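The values are calculated or read from the model by the stated rules, or taken from the named source; none is laboratory data. Bear in mind that the values here come from a model prediction, so they are computed numbers and not experimental data. Note that we place each Cβ from the backbone using ideal geometry, even for glycine, and neighbour counts take in every protein chain shown. Note: areas computed on protein heavy atoms with side chains; ligands, DNA, RNA excluded. Shrake-Rupley method; radii C 1.70, N 1.55, O 1.52, S 1.80 Å.
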Amino acid sequence: MSFRIEFRGVVQGVGFRPFIYKIARKLGVNGFVKNTGFGVVVECDCSEKKLTVFLTEINKNLPSIARIDNISIKKIKGKWRDFSIQTSTETTEIGSVSPDIGICDSCLAELFDFNNRRFLHPFINCTNCGPRFTVIEKLPYDRSSTSMKNFKMCFECEKEFNNVESRRFHAQPISCNNCGPEYTLLDSKLRRLKDWTLVGKLLKEGNIVAVKGIGGFHIACNALNVSLITKLRKLKDRKFKPFAVMAKNIEKAEEACFISENDKTLLTSSVKPIVILKSKNFLPSEINPKLDSIGIMLPYAPIHHLLFYYSNLDFLVMTSGNLSGEPIITSNNEAFEKLKGIVDFFLVHNRGIVNGCDDSIIKNNTVVRYSRGLAPQPLNFDFGEGVALGGELNSNFAIARKKKVYVSQYFGDLSDYDSFLRFKQSFERFLNFFKVKPKNVTCDLHPNFKTTLLAETLTRDPIRVQHHFAHLYSCMGENNLKEAVGVVCDGFGYGLDGSAWGGEVLTSEGKRFGGIEEFKLLGGDEATRKPERILYSILRKKLSEEECADFFEKIGVKSIATYEEMFEKNINVLNSTSCGRVLDAASFACGVCNEKTYDGEPAIQLEAFAEKPVKTKPVIEKNKLIVSELFSELNFNKTFAGKIHDYVARGLGEIAVEACDSTGFDSVCLSGGVMYNKIITSILKEVLEKNKIKVFTQKLLPSGDGGLSFGQLYYNLLKDNT
Ligand SMILES: [Zn+2]
Ligand SMILES: [Zn+2]
C-alpha cells in the first residue's frame, strides 16, 4: 500500500527531512520526503503495520527543536525502489521563518574538540542550531537568501551540505575555519589587533568590549568587577536600569541566583532567553540596584562560549549594544560611531545581521520581551487575515494568515526615530516574507502613535483598538476565549475618552465596567517622570491644601505651590486611572524611588521593597477603587508597600467578581505590564478563584505592550464573527 503523509508545524530548517530519511532507511520504507509550502510531505509504500511503526518512531525521536502540530495521511498510488530526499520545487506557497536557535550539544562538543576541523570555530552551526531569522533576507530559505551568501563553501563543507547522512545536510549557514565568517578585534582608535582571541585577556584585565553576536551587539565586561560596572553605568548614562548577566554555565548561574526546575529548562532551552531570577546577592548589587532579582542567560552563540574560554571569567555583563532609547546596533560602522567613548575594544565579524534582534526576556514563566529565539515562529492561531501594528512602547507587529500568527521581534520605544525606521523596514520585509498585502489593518486608538500614522498610510480607515481592550483580547486569544472579563493594569494607554487609562476592569463586549478611581497627572507626562506629582494629586483628593503642604514639608519636597495651582485650576493636567502611576506614587511615598529613570522602575523597586502583601479592606464606590483612601492614612513604610499591593489587587479582583456577576461570564483575563508583579497577580488569582472564577494569564506573549499586536488581530477576528 502507498501513503501520502503531510506534516505541519515547525518542520522546516530543523533537520526534519534527514531525520525522516534515517528512520525510513532503518525500517526499509521506500518513498521520498520533501519540503512544501505548508510543511513537509512524505510519500511511501509499506504495510499499514509498518506505517504505524514509522509514525511512532518519528513521534518518539523528534528533534528537540521540531514541532509537529498536525499529521494527515491518505492512501495514494505509487511505488519506489529506495527512500530519497527530494529538493523542493513548489515555491508558490510560503513556509515560515525559523527563529534563531542556540548552539546544540553536538556543535558545542565539536567546538572544544581539538581533533575536530571546527575546533574553536566561532560560527559553528548545524541543522539543529545556529542563526536563522537574523540572517534571512527573503524566502524561500536557502543560503543565497541569507547574509551567508558572500561566503563560498569550501570543498569539505559542501560535501557535508550535500550528504544526507550529515548533521549539516542543507544547513544553510554551514561554515568552518576555512570558509566561514571571521572575527576581528579593534581598539578604540579602530586599530586592528593581530589576534582576535586576545579579547579574553582584555576582558580579564577589566576592559569593556563591544561584541557583535547573533542579533546585534552586546557590551561585555567582567560582571564581578564593581568599579567597571559603575564606570559602564556612567559611560552609558544608565543610572539604575539592571544589566543582564551571562553566566558561563548553569552551575555558575546557580551560584548567582535561585533557579527552579522550570527556570532551568528555560535557561537551557534552545531559545536561551534572559530569565529574571531571585538573586543570591553573589553578584555585585551595582548590576541590579535596589532589586532582589537579576536577569541571567547562558551562552547561546559559539562566540559566547569562546569569550568564557579565552577570558577564564565566570560571569559577563552582556547588555544590549545601543544608546539609551535607540535600537540594538547591528552594523560594524554604527557600532564604531556610537559606542566609541563607551567601549575600549570592538570585537566584530563580517557576517551581516539582517534582522536585528534583542535577547528575549522571561519572568515568572511569562514572556516579558518576545524577540531572539521566539520571533517569528508560527503560532497556531486561526485569526483570519490581518496585520496589526501594536502600540508604541515595547513595540512589535503581527501578521495573521492561513491559520497562523507571526509576531515580530521587539523594537523598543518607537518615539525614537531610528527605532521606528527599523520597525517600518522590518514590517515591509515581513509582508514580503509572507507575500501578504496589508489587509484588515489594526492599530492603537492613540491618534499620535507612529504606528497609528503608519496604519493610516496603509489604509484609509484602519481598525483602531483601544489599548486595554487589546490587552484583554491578547489574553483571550492566547487562551481561546470568546468572552471574558479583563483586569488590565499598566502605565498608560489612550482611553476611549482621551484620558490616560491603566487600572481597568473591562468586559469583552467592550464595556468599561470599573477600575481605579480617576486622579490627575499634574503636568501630564512630567508626572510620569516625577512620582511626587502623582502622590500630591492622589493625597489632595482626601486632604486639604494645608494638610498636603504639611506632609510634603515633612518629607522635604518644596515647590508644591505649582502642584496646587495645577490641581485646583486643572491647568496642564491629564486625568488618569493608571495602576502603574499609583504604584509609582506609593514607591515615592515609601522613599524607594524619587525619579523614574527606566520604564516601570518605581513599581519594580516597590515590589522588591514590599517583599510580601499585607491584607487590606479596599474601599469601592460604584465599581471604582478608591486608592486615595489608603494613601490618606499618611503612613508610608514597608507595611504600606505591602498594603498597596494588596489593596490594588484585592480591590480590582472584587470589581472583576462584580463584572462576572453582571455579565454572567465565568472567566477573567489578567493582562497589562503590571501583571509581571508576582504579588499582585497572586492576590488577584486568590480573590477570583475563591469566587469560582477561572483565571487566565499570558504565557506565550507578553502581558505588556508586546502583546498588543496579537490582541489587535484577535479583536479583528471577533468583531467579524459577532
Ligand atoms: Zn548544532
Ligand atoms: Zn568550510
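Summary of computed values
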{"read-out": "Percentage, to the nearest whole number, of Cα pairs in the stretch 344-485 over 19 Å apart", "value": "54 percent"}
{"read-out": "Per residue solvent-accessible surface (Å²) - the chain, probe of 1.4 Å", "value": "40 Å²"}
{"read-out": "Cα point-scatterer Debye curve for the stretch 2-85, base-10 log of I(q)/I(0) at q = 0.14 Å⁻¹", "value": "-0.40"}
{"read-out": "P(r) weight above 24 Å for the stretch 485-696, C-alpha pairs, percent", "value": "36 percent"}
{"read-out": "Base-10 log of normalised Debye intensity for the stretch 185-267 (one unit scatterer per alpha-carbon) at q = 0.11, 0.13, 0.16, 0.25 Å⁻¹", "value": "-0.39, -0.55, -0.80, -1.33"}
{"read-out": "P(r), alpha carbons of the stretch 534-619 - 10 Å bins starting at zero, rounded %", "value": "15, 43, 36, 6"}
{"read-out": "Filtered GluC sites (Glu not before Pro), the stretch 593-626: DSSP coil and at most 15 other beta carbons within 10 Å", "value": "GLU595, GLU611"}
{"read-out": "Relative contact order %, the stretch 469-545, counting alpha carbon pairs below 8 Å whose residues are six or more apart", "value": "20 percent"}
{"read-out": "Loop GluC sites (Glu not before Pro), the stretch 408-517 (other Cβ atoms within 10 Å of the site Cβ: 12 or fewer; DSSP)", "value": "GLU509"}
{"read-out": "Descending Cα extents along the principal axes, the stretch 183-349, whole Å", "value": "45, 31, 28"}
{"read-out": "Mean separation of Cα contacts under 8 Å, 6 or more apart, over the residue count of the chain: relative contact order %", "value": "11 percent"}
{"read-out": "Per-selection Kirkwood Rh - the chain (Cα, Å, 1 d.p.)", "value": "27.2 Å"}
{"read-out": "Low-density loop cleavage sites - chymotrypsin sites (Phe, Trp or Tyr not before Pro) in the stretch 337-395, where at most 12 other Cβ are within 10 Å (DSSP)", "value": "none"}
{"read-out": "With every protein chain in place, the stretch 324-480: carbon and sulfur % of accessible area (1.4 Å)", "value": "45 percent"}
{"read-out": "Estimated dipole of the chain in Debye, rounded to 20 [Cβ of Lys and Arg +1, of Asp and Glu -1, Cα centre]", "value": "2540 debye"}
